[in-house]
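Structure record follows, encoded as structure tokens.
The values are calculated or read from the model by the stated rules, or taken from the named source; none is laboratory data. Everything numeric in this text was worked out from a predicted model, so none of it was measured. Positions of Cβ are generated from backbone atoms using ideal geometry, with glycine treated the same way; all protein chains shown enter the neighbour counts. Surface areas here come from the heavy atoms of the whole protein model, side chains and all, with no ligands, DNA or RNA. Shrake-Rupley method; radii C 1.70, N 1.55, O 1.52, S 1.80 Å.
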Amino acid sequence: MKRCELTHSERIDWLRLARTPQVGPVTFTKLIERYASPAEALESLPGLAAKGGRVKALNIVSRDEAEAELTATEDFGARVLMACEPDYPSLLAVLDPPPPVISVQGVLDPDAAPCCALVGSRNASAIGVRFARDLARELGLAGITIISGLARGIDGAAHAGAIETGTIAVLASGLDHIYPPEHADLHHDIARRGLLVTESPLGAVPTARDFPRRNRLISGLSLGTVVIEAAMRSGSLITARLAAEQGREVMATPGSPLDPRAKGSNRLIREGAALIESADDVLDILRQAKRPVAAESESPEYESGLDDEPDADVRARVADLLSPSPVSIDELVRQSGARAGEVHGVLIELELAGRATVLPGGQVQLRYADDQD
């Protein structure tokens with residue numbers, strides 16, 4: 001996404017488009033690529049949704065609602081950043097696609113120093129908590145900004161260890177929602193001395209689907225991610241997977257094979273994650289890490305995909321191939337026999353209609369019409 005300065009009116013329209021419930025980050029980016037302005041993209045939404053089979057009117061955020069969010073965020077002592085703006089974190093900007101809008105509170109610049117994520121079990125062992133706190137402190141003294149998710153256990157220990165040197169907490173909620181309650185002091189301290197980051201507006205209470213989005217921001221802000229104690233099914237492993245998909249370094253600390261909290265991190269090491277036993281190990285990896293650049297689309301047709309107007313037959317073929325299980329867009333192109341641009345056009349219409357969800361990473365899954373909001 002190209003960097004540019006937005007006028008106040010353009011910022012309002014950008015926020016309106018991003019906050020419209022059926023506009024996911026992939027669809028948002030495609031709309032911004034196609035239309036001359038966010039205002040023009042907004043005007044296109046009802047027609048595109050109708051082509052996708054939407055019955056209910058789209059709940060497009062009004063200008064007054066967007067103005068109120070910007071004002072409330074500023075009054076709270078925070079800022080809303082649009083993905084194209086110069087102050088938007090550079091490592092997030094190169095994601096495909098970047099989160100369209102984030103809110104930040106604090107004084108720390110994510111681009112001022114290399115960032116490393118430390119994540120792990122909420123139900124951490126005493127030795128795991130101590131290791132996370134000590135590792136964060138040592139990395140901070142070496143000039144590394146520590147990023148985590150402000151959860152119980154490893155996350156909280158990592159933030160506490162780096163509070164003096166610089167830490168960023170990524171939230172699944174709005175900036176004003178403190179969770180867990182026992183981290184209230186830490187939350188306020190990070191807002192004053194570090195940085196809080198979220199995709200959610202003020203007042204938002206997180207739902208289950210917000211945590212993978214938060215994990216994507218944690219890894220996306222970081223050159224590398226260190227996993228300290230993670231069970232086989234945990235959000236920390238999702239963060240590690242996202243880091244790998246984003247071209248970032250993945251590291252893990254080994255643990256006892258008898259401890260279920262170490263099975264996930266041990267598996268990461270078996271699968272190729274760098275084994276970490278000290279801050280020096282992490283620093284060696286980060287020194288060799290290549291700074292990510294904006295990814296190019298796998299197919300040039302995808303960049304102009306909305307320019308191919310799909311006909312009714314293509315719409316039906318693509319819709320029939322979808323299921324609740326995610327499938328790659330490339331697979332849909334192959335099986336439908338349609339051009340890539342046509343398939344992307346159909347998927348955007350279906351997402352706006354509430355019938356599909358287009359996921360970062362080139363996959364899509366079916367939603368049922370009853371899920372329309």
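Highest mean packing first, where packing is the average number of other Cβ atoms within 10 Å per residue, the peptides 349-362, 26-39, 68-81 line up as 349-362, 26-39, 68-81. To put it simply, the accessible area of the chain at a 1.4 Å probe is 51 percent carbon and sulfur. Could you tell me the calculated FRET efficiency between Asp64 and Arg233, based on Cβ-Cβ distance and R0 = 41 angstrom, to the nearest 0.05? The computed FRET efficiency comes out at 0.45. Other residues within the sphere of radius under 15 Å centred on the Cβ of Met251, judged by their own Cβ, net out at -3 (K and R +1, D and E -1). Taking all protein chains into account, the per residue accessible area for region 90-157 stands at 34 Å² (1.4 Å probe).
Amide H contacts for Gly255 (H built 1.01 Å from N in the peptide plane; partners 5 or more residues away or on another chain; cut-off under 5 Å): Asn266.
Using every pair of separate Cα atoms, the Kirkwood estimate puts the hydrodynamic radius of region 8-148 at 17.8 angstrom. Accessible surface comparison of His159, His183, His188, probe 1.4 Å, protein chains only, largest first: the order is His188, His183, His159. For region 147-153, backbone phi angles converted through the Karplus equation (6.51, -1.76, 1.60; θ = phi - 60°) give residue-by-residue couplings of 10, 7, x, 6, 7, 5, x Hz, Gly and Pro being listed as x. Based on DSSP H segments of at least four residues, each scored -39500 (n - 2.57), the chain has a per-residue ellipticity at 222 nm of -13000 deg cm²/dmol.
The charge dipole of region 111-250, taken about the Cα centre with unit charges on the Cβ atoms of Lys, Arg (+1) and Asp, Glu (-1), comes to about 320 debye, rounded to the nearest 20.
If you add up the charges near Arg16, with Lys and Arg at +1 and Asp and Glu at -1, over every other residue whose beta carbon is less than 12 angstrom from its beta carbon, what do you get? With Lys, Arg at +1 and Asp, Glu at -1, the net is -4. Using the alpha-carbon positions of region 232-301, Rg (one decimal) and Dmax (whole number) come out as 14.5, 50 Å. Dipole check for region 167-282: with +1 at the C-beta of Lys and Arg, -1 at the C-beta of Asp and Glu, and the Cα centre as origin, the magnitude is about 420 Debye.
Remark: region 14-27, residue by residue, has Karplus-estimated 3J(HN,Hα) of 4, 5, 4, 5, 5, 8, 5, x, 8, 9, x, x, 5, 4 Hz, where x stands for each Gly or Pro and the curve is 6.51 cos²θ - 1.76 cosθ + 1.60 at θ = phi - 60°. For the pair Lys56 and Asp111, a Förster radius of 56 Å applied to the C-beta separation gives a FRET efficiency near 0.85, rounded to the nearest 0.05. Packing order of peptides 53-59, 331-337, 213-219, highest average first: 213-219, 331-337, 53-59 (average count of other Cβ atoms within 10 Å over each peptide's residues). The H on the amide N of Thr20, modeled in the peptide plane, is under 5 Å from the matching H of Val61, each at least 5 residues off or on a different chain.
The residue among Ile238, Val55, Ala68 whose Cα reaches farthest toward the positive pole of the charge dipole of the chain, with charges on the beta-carbon of Lys, Arg, Asp and Glu, is Ile238.
In a simple Cβ point-charge model (Lys, Arg +1; Asp, Glu -1; nothing else charged), the chain has a dipole of about 1020 debye relative to its Cα centre. For the pair region 321-339 / region 55-93, the C-alpha centres are spaced 32 Å from each other.
Probing with 1.4 Å while keeping every protein chain in the model, the per residue accessible area of region 1-76 equals 50 Å².
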